[in-house]
Each structure stands twice: as structure tokens, then as C-alpha cells.
Amino acid sequence: MERPLDNGESLGAGLKPGDAHYRAYVGPPEDYDLIAAMTFNLLTTLGLRQHHSLLDIGCGSLRIGRLLIPYLNRGKYFGVEPNKWLVEEGIKRELGEALLKIKDPTFFFSDSPETITQAKVSFDFVLAQSIFSHCGLDLIKNWLSAISRSLAEHGALVATFLPGEEDSQTKGWVYPECVSYRPATLRDAAAGAGLRFELLDWKHPRQTWALFAAPKFDSGWFKNKPLTWNAGLERTLGKNKGGSVAPAPPAVSADLWHGEGHIYDQGGLRSIHNHEFMDDPAFRKAYARGVRAAGDDYQWHWRVHVGFWAAACAARLEGDFVECGVNRGFLSSAIMDYLDWDSLGKHFYLLDTFRGLDERFVSPADMVSGAVEKNTKSLASGFYVQGIEEVRANFSQWKNVSLIEGSIPETLPQVRAKKVGYLHLDMNCSPPEVAALQFFWERLVPGAFVLLDDYGYYGYLSQKIAIDRFAQEKGIKILSLPTGQGLLVKPLEVG
């Protein structure tokens with residue numbers, strides 16, 4: 001590509017991503033400074049220091065390089081970029097020839113992952129900001145393989161990607177178009193390259209940050225808690241002469257990540273209202289346990305928050321817990337962790353086919369809503385578990401839990417509980433859900449909580465209609481929640 005004409009001092013304002021201007025070509029020009037600051041802060045929080053060697057994949061017009069090159073020691077910055085004109089414009093407009101001579105960065109003008117082996121350097125950090133969001137999975141795997149071979153044993157790749165419910169089938173490089181992947185897919189790709197995959201709690205305007213870590217990279221200090229500069233600094237200052245790390249004190253309560261004004265945007269719910277529950281250490285720990293059960297983070301924080309509230313209230317009542325529609329056990333695992341399950345003396349019954357929907361129990365209305373097609377896709381993508389053994393292993397850490405395999409309503413008589421204080425229904429079709437409600441209604445203790453996972457969720461209207469019919473027969477009301485869930489509390493006195 002030829003170098004674009006001089007666009008004066010506009011800094012690309014008003015241009016679209018991909019336009020022929022050194023700032024616009026690499027993304028929204030208005031975010032040029034924001035992306036740079038965000039990325040530099042993340043890298044230094046994770047442990048980047050001036051003596052480390054760093055590889056910047058797709059370094060472009062030095063949006064981030066203009067901060068990293070002055071910060072790092074001479075000869076420690078390496079950039080890979082196929083568009084030579086972008087680097088030249090970045091040097092001219094953002095860095096300057098004088099600093100170039102002082103810091104002596106190295107640039108490789110190539111689009112091949114194998115180019116990085118030319119550096120013959122063991123990199124402490126590798127950066128791929130907004131690269132995997134434009135790569136087919138074949139190209140991502142090639143990059144991960146090449147990076148793994150050039151990464152120090154304590155090193156890490158820090159990258160962004162666009163999470164999605166399905167994996168893009170794109171191959172090679174696409175730009176400015178974007179592609180998305182399930183986190184589980186990238187975790188598997190990382191494992192194939194001998195790297196550890198972890199999602200990072202670090203804000204990005206459009207994408208999600210992830211860590212692809214070498215075996216000895218230390219991420220334990222921010223596991224299950226917010227990644228902050230203060231926590232990183234405490235870790236650095238807490239190192240003793242032997243090189244070990246003193247435990248960092250808990251984050252102060254003023255360190256708010258999800259307070260009033262912060263935008264929550266997950267699962268069709270967008271809100272500026274306070275959601276500090278996401279910063280509660282107990283919530284974070286239990287939510288992480290749910291993620292571990294599922295093998296993926298579905299970004300269900302507010303839905304899980306509702307589940308925790310209902311379960312915590314139900315824990316004060318008589319009666320056992322029942323979940324119909326378990327899959328891998330995201331919510332139920334998280335609840336058991338949150339409530340310290342073994343201390344309650346209650347029993348948790350978990351019912352599922354553990355193989356997706358049983359089409360014998362799908363109503364005509366569910367058929368019209370696409371329940372069977374959704375089921376097929378969920379099985380093919382790996383979202384639905386296919387077999388009970390991995391689920392059984394997941395719940396093996398707790399006592400007083402029973403997994404019941406098979407289709408509802410056929411398996412309902414296997415639940416021995418005479419009293420039930422908490423019932424969660426998530427079966428994605430209406431006949432089993434209504435059957436479960438009818439079966440457990442007399443066993444539900446007064447004040448018992450019934451959480452309906454898909455009651456108001458987009459695309460599941462047939463379930464809402466069926467459940468509303470049951471509620472009308474019982475003369476009760478269901479609370480429709482903006483998360484898509486429904487909440488029913490059994491009246492204290494039923495006429």
C-alpha cells in the first residue's frame with residue numbers, strides 16, 4: 001500500500017477505521033490515545049519493567065510503541081508490521097528520529113508469524129492488541145505456536161479478542177472486518193501451543209483482554225480478584241530478599257470497578273446502575289468456580305447475582321435445593337461455593353439429560369421458537385455437555401449432592417426431598433419445566449424461591465406462555481427480571 005497523503009494536524013478525526021491515515025488505519029482515531037494508555041497500564045501492572053524485552057505484534061503506527069519505546073531499555077522493543085508506511089508515519093509524527101537512535105528498536109516488516117524467530121530473542125512479553133479479532137483460527141494457532149517458541153519461561157502474551165457464542169469460520173487475515181471466538185476455543189488453541197489461557201479483568205472499549213502465559217508466569221496474585229496497579233505494586237514491594245512474594249493485603253473498599261455510572265453490558269442487559277456486587281470477593285470467588293465448571297465465562301454476572309440472592313435467602317428456609325437443567329453446572333457450582341455448601345446440611349438434587357434436549361418433550365410452540373435448532377447448535381459447539389462423567393467429577397468436592405441423569409418428567413420421582421426451599425428451572429423447553437413445577441409445587445415450603453432461567457429471555461416466549469398459564473392456575477405472580485430470568489416466591493398461605 002502506498003503511503004497516504006499528509007492529512008495535516010487533524011490526527012485522523014472523523015475518519016473510519018481502516019482509512020488511509022496513520023491513526024485511522026489502526027482503529028478509531030478518537031481512541032488512539034486511550035488504547036495506548038490502557039495497554040501500557042495493563043502491561044506494567046502485569047509486571048513489565050524497563051529491562052524486559054517486548055514484542056509488539058501489528059505495531060502499526062506505534063500507537064502503543066510511542067509509549068513503550070521510551071520506557072524500555074535500548075534495544076528491548078521489537079515490532080512486527082506488514083505495512084512499512086505505518087511505522088514510518090509513526091516515527092515521523094509520534095516518536096521522532098532522535099529517540100529512535102537512542103532506543104534502537106527493531107522492526108520486522110512482515111505478516112508471517114515465523115518472522116519473530118529472526119529476532120533470536122526470548123521475549124518477556126508479547127502484545128497482540130486487536131490482532132486476534134481479525135485472524136482466522138488457523139492464523140491464531142500459527143501465531144501462538146511461533147510465540148510459544150520465542151517466549152521466556154516466565155513470559156506471557158497479552159492479547160485481545162472478541163468473545164462470541166460461536167467460532168468464526170474465517171481463515172487468514174481480515175481487516176477491518178472483525179471475527180469472534182468462544183473463550184473455550186482460544187483456551188484449547190493456547191493449550192495446543194503449551195500456553196495457559198486466562199481472561200483478564202481489564203477494561204477495553206470493544207474487546208476482551210486475555211493472557212496466554214508460559215508455564216512459570218505468575219498470575220496467582222490477581223486470581224479471582226480485580227487486576228489493579230495497586231495490587232501489582234504491593235506484590236512488587238512485598239518481595240523479600242529471597243525473591244518470594246509477601247501476600248498482598250485485600251483491596252480497599254474505595255477501589256470500585258463497577259460502581260454507579262460504570263456501564264454493565266452483558267446478555268442483553270445494559271445499565272449504568274450500581275453493580276458493585278461484581279467486586280465482592282465472595283462473589284468473585286464463587287463466580288470463578290462456576291466458570292471453572294463450565295470451562296468458559298459466559299458473562300452472566302447479573303444473572304448469577306440473582307441466583308446467589310435467591311439461594312442465600314432459600315438457605316434460611318427448610319428444604320433442599322433442586323436444579324432441573326444443569327449442563328456443566330455453572331450456576332449450581334457457583335452457588336455451592338458461595339454458600340459453603342457442606343456447612344448447610346442440605347441436599348442438592350441436580351437433574352439433566354446431560355446430552356441436550358429430549359425431543360420427545362419439546363412442544364409444538366417450542367419447535368416454532370427454534371428449540372431443536374438451538375439444541376443442535378449447542379451440542380455441536382460444545383456448549384452442551386455430552387455425558388455425565390465430567391459433571392460428576394466437577395461436583396465431587398461436595399457432600400450431599402445427587403446427580404440424576406435422564407429426561408424430565410421421567411426422572412422426577414428419583415428426587416427424595418420431602419421439602420424444597422430452592423428450585424431452579426433451566427431446560428430450554430416448556431413441557432419439562434411445567435412438569436417440574438407441578439411435581440414440586442406441594443413440596444415447596446412457604447416462601448420457597450423458584451428461579452426461572454429463561455422466563456423473559458429473548459427467543460423463549462413459548463416457555464413464558466406455558467409458565468404464565470401455570471401461575472394463573474395457582475393464582476400467583478411471577479417477577480420478570482431484566483436479566484431475562486423470572487422469579488417466583490411461593491406464598492406463605494396458599495388458598
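Residues of the stretch 379-401 that are touching a Leu at 6+ places or on another chain (Cβ under 9 Å) and either more than 22 Å from E166 (Cβ to Cβ) or small (G, A, S) (or both): I388, V391, R392, F395, N400, V401.
For the stretch 354-380, filtered to residues that are open to solvent by less than 30 Å² (accessible area, probe 1.4 Å) and of a type in the set (S, T, Y), the residue that is nearest to S168 (Cα to Cα) is S378. The one condition from (1) of a type in the set (A, V, I, L, M); (2) over 29 Å from the mean Cα position of the chain (by Cα); (3) open to solvent by less than 30 Å² (accessible area, probe 1.4 Å) that V489 does not meet is (3). Given the criteria small (G, A, S) and touching a helix residue (DSSP H, G or I) at 6+ places or on another chain (Cβ under 9 Å), does S133 qualify? Against the criterion (small (G, A, S) and touching a helix residue (DSSP H, G or I) at 6+ places or on another chain (Cβ under 9 Å)), S133 does not qualify. Restricting attention to the stretch 473-486 and to residues that are in a strand (DSSP E or B) and touching a Phe, Trp or Tyr at 6+ places or on another chain (Cβ under 7 Å), the residue that is surrounded by the fewest Cβ atoms within 10 Å (Cβ to Cβ) turns out to be S480.
The lone criterion from (1) open to solvent by 20 Å² or more (accessible area, probe 1.4 Å); (2) part of a helix (DSSP H, G or I); (3) in contact with a strand residue (DSSP E or B) (Cβ under 8 Å, 6 or more places away or on another chain) left unmet by T115 is number (1).
Within the stretch 178-188, if we keep just the residues that are within 14 Å of P163 (Cβ to Cβ) and without any contact (Cβ under 8 Å) to a residue 60 or more places away in the chain, the residue that is most open to solvent (accessible area, probe 1.4 Å) turns out to be C178. Checking each residue of the stretch 417-428 against the condition of being among the charged types (D, E, K, R) and open to solvent by less than 10 Å² (accessible area, probe 1.4 Å) gives no match. Listed by first and then second residue, the pairs with beta-carbon distance under 8 Å, at least 6 apart or on different chains, first residue in the stretch 40-57 and under 12 Å from W202 (Cβ atoms), second of a type in the set (F, W, Y) and open to solvent by less than 20 Å² (accessible area, probe 1.4 Å), are L42/W209; L43/F125; L46/F125. Beta carbons closer than 9 Å, at least 6 apart along the sequence or on distinct chains, pair a first residue in the stretch 96-121 that is farther than 11 Å from Y77 by Cβ with a second that is in a helix (DSSP H, G or I) and among the polar types (S, T, N, Q) for F108/T115; F108/Q118; F109/T115; S110/Q118; S112/N142; P113/N142; P113/S145; E114/N142.
Scan the stretch 389-396 and tell me whether some residue there is of a type outside the set (S, T, Y), touching a helix residue (DSSP H, G or I) at 6+ places or on another chain (Cβ under 8 Å), touching a residue at least 24 places away in the same chain (Cβ under 8 Å) and open to solvent by 20 Å² or more (accessible area, probe 1.4 Å). Within the stretch 389-396, one or more residues are of a type outside the set (S, T, Y), touching a helix residue (DSSP H, G or I) at 6+ places or on another chain (Cβ under 8 Å), touching a residue at least 24 places away in the same chain (Cβ under 8 Å) and open to solvent by 20 Å² or more (accessible area, probe 1.4 Å). Has the stretch 462-472 got any residue that is open to solvent by less than 40 Å² (accessible area, probe 1.4 Å) and either within 22 Å of G345 (Cα to Cα) or assigned to a strand (DSSP E or B) (or both)? No; the residues of the stretch 462-472 include none that is open to solvent by less than 40 Å² (accessible area, probe 1.4 Å) and either within 22 Å of G345 (Cα to Cα) or assigned to a strand (DSSP E or B) (or both).
Residue-wise test of (1) open to solvent by 10 Å² or more (accessible area, probe 1.4 Å); (2) in contact with a Ser or Thr (Cβ under 6 Å, 6 or more places away or on another chain); (3) among the β-branched types (V, I, T).
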residue: A37; (1), (2), (3): yes, no, no
residue: L55; (1), (2), (3): no, no, no
residue: S61; (1), (2), (3): no, no, no
residue: K76; (1), (2), (3): yes, yes, no
residue: N83; (1), (2), (3): yes, no, no
residue: I91; (1), (2), (3): yes, no, yes
residue: L100; (1), (2), (3): yes, no, no
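For every residue, the table says whether it meets (1) within 15 Å of the chain's Cα centre (by Cα); (2) open to solvent by less than 10 Å² (accessible area, probe 1.4 Å).
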| residue | (1), (2) |
| --- | --- |
| D297 | yes, no |
| V306 | no, no |
| W309 | no, no |
| A312 | no, no |
| R316 | no, no |
| F321 | no, yes |
| R328 | no, no |
| D340 | no, no |
| S343 | no, no |
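List the residue pairs whose Cβ atoms are under 6 Å apart, where the first residue sits in the stretch 146-159 and is in contact (Cβ under 8 Å) with a residue 40 or more places away in the chain, the second is in a helix (DSSP H, G or I) and surrounded by fewer than 24 Cβ atoms within 10 Å (Cβ to Cβ), and the two are 6 or more positions apart or on different chains. So the pair list comes out as S150/I116.
In the stretch 263-316, of all residues being of a type in the set (V, I, T) and more than 25 Å from Q397 (Cα to Cα), the one that is modelled with the highest pLDDT corresponds to I272. Filtering the stretch 189-202 down to residues that are out of contact with any helix residue (DSSP H, G or I) (no Cβ under 7 Å at 6 or more places or on another chain) and part of a loop (DSSP other than H, G, I, E, B), which residue is most open to solvent (accessible area, probe 1.4 Å)? Going through the qualifying residues, I end up with D201.
The values are calculated or read from the model by the stated rules, or taken from the named source; none is laboratory data. Just so it is clear, the structure is predicted and the values come from calculations on it, not from any experiment. All Cβ positions, glycine included, derive from the backbone under ideal geometry; neighbour counts span all protein chains shown. Areas reflect the complete protein model, heavy atoms only, side chains present, ligands, DNA and RNA absent. Shrake-Rupley method; radii C 1.70, N 1.55, O 1.52, S 1.80 Å.
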